[in-house]
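Structure record follows, encoded as structure tokens.
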Amino acid sequence: DHIGTLDPGKLFDALVVDLAAPGSPVPPPSATPAVLEHQRDGRHEQAWALRAEQFVFLADDRNIARVYVGGKLIHAL
């Protein structure tokens, strides 16, 4: 009853991600030719999909800017 959607009154867990955090293992878009190509060609969904893939496979704790559990901020850089 308190989970499953983003409606008011529901519980909320989330990460706020910073792919450009200092010391990040995730390369900037300028160092990723495929991202630049997609952006240039107006294929923004594909560019974001590649960035999400980089987050999943390359990011670490330096890329987590904030953590929310049950709607409460429990960690922030």
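Please compute the contact order of the chain in relative form: average sequence separation of alpha-carbon pairs under 8 Å and at least six residues apart, divided by the residue count, as a percent. Don't jump to the answer; show the numbers that get you there.
Details: 92 pairs, mean separation 29.5, N = 77.
About 38 percent, as a whole number.
Return one number: the angle in degrees, 0 to 90 and rounded to the nearest 10, between the long axis of the Cα atoms of helix 44-58 and the longest principal axis of the Cα atoms of the chain. Roughly 70 degrees, rounded to the nearest 10.
Of the listed values (i) 52, 26, 17; (ii) 52, 21, 19; (iii) 44, 28, 16, grab the one calculated as Cα extents along the principal axes in Å from the structure here. Computed from these coordinates, Cα extents along the principal axes in Å corresponds to label (iii).
Any read-out appearing in this document is the output of simple, stated calculations on the displayed coordinates, not a laboratory observation. All figures in this text were calculated on a predicted structure; none of them were measured in a lab.
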